[in-house]
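Enquirer: Input: one structure, supplied below.
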Amino acid sequence: MGSNQKTFLVLTAIVLAMLTLSMNAKTIYNTFCKVTGYGGTTRYAEENLSEILDRKVTVNFDSNVKDLPWDFVPEQRKMTVQLGQSGLAYYKVKNRSNRPIVGSATFNVTPIKSAPYFIKTECFCFTEQLIQPGQEMSMPVLFFVDPQLDDEKRLKDVKEITLSYTFFEVENPTISITPTLAPIESKQIKKADATLRRDAVN
């Protein structure tokens, strides 16, 4: 194989690799953020097995919508929890339009440096949400603040954390539009309540 041919194959491989990375950049970035908490993205855990410390933080809840005819508000503005303690909060959403809409929520935590320690075990933001015309629904989020936050000197000043969600419409939803979603709402709440009780026992 000649040197020109080798150079061509190497350059072709580099171009293909760059194209692959560019096509998957968003997915790779989102995964990186979820794992590390970079950019204010929270982390996820199957369950809360943390030790509960005396130190407390106040969690503020924020809500936004982007080009979406929904009312979306937290049912509680703030909640004080101990590090390692599970907290259960609810957001209420209402579809003010005359058509069913599938929405998805993005989220972040501030201050950004606290994001890797804010962990969710259940959340409506994990899946797409279908809201029927005029339907109002309560959606749970179950979370805890990792007690390892107390080990970081640079986080000694963190007394409040803000969890913020922004809902936007999904143009090509992966779920089908059905006549009603009341059973799904009930299932979400029951799952969150069951997880909270299990964490309390652990």
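The values are calculated or read from the model by the stated rules, or taken from the named source; none is laboratory data. Just so you know, these numbers come straight off a predicted model, no measurement behind them. Heads up, the Cβs are rebuilt from the backbone with ideal geometry, glycines too, and the neighbour counts pull from every protein chain shown.
Enquirer: Just for strands (runs of 3 or more DSSP E) wholly inside segment 33-150: which have at least 3 residues that are in the same structural domain as L163 (by TED's automatic domain parsing) and closer than 20 Å to E169 by Cα? Give the derivation first.
Expert: Working: elements: 56-66, 70-74, 78-82, 87-95, 101-110, 118-123, 129-131, 136-145.
So the answer is 56-66, 70-74, 87-95, 101-110, 129-131, 136-145.
Enquirer: Condition (residue is of a type in the set (G, A, S) and closer than 13 Å to A105 by Cα) applied to segment 165-178: is it met by at least one residue?
Expert: Within segment 165-178, the first condition is being of a type in the set (G, A, S), and the residues that meet it are 176.
Subset that is closer than 13 Å to A105 by Cα: none.
Within segment 165-178, not a single residue is of a type in the set (G, A, S) and closer than 13 Å to A105 by Cα.
Enquirer: I would also like to ask the following. Looking at (1) surrounded by 17 or more Cβ atoms within 10 Å (Cβ to Cβ); (2) closer than 20 Å to F167 by Cα; (3) modelled with pLDDT of 95 or more, can you tell me which one E122 breaks?
Expert: Status for E122: all satisfied but (3).
Enquirer: In addition: Test K153 against the stated conditions and say whether it is farther than 20 Å from K66 by Cβ, modelled with pLDDT of 90 or more and exposed (fewer than 13 other Cβ atoms within 10 Å of the Cβ).
Expert: On the way: farther than 20 Å from K66 by Cβ: yes; modelled with pLDDT of 90 or more: yes; exposed (fewer than 13 other Cβ atoms within 10 Å of the Cβ): yes.
The answer is yes for K153.
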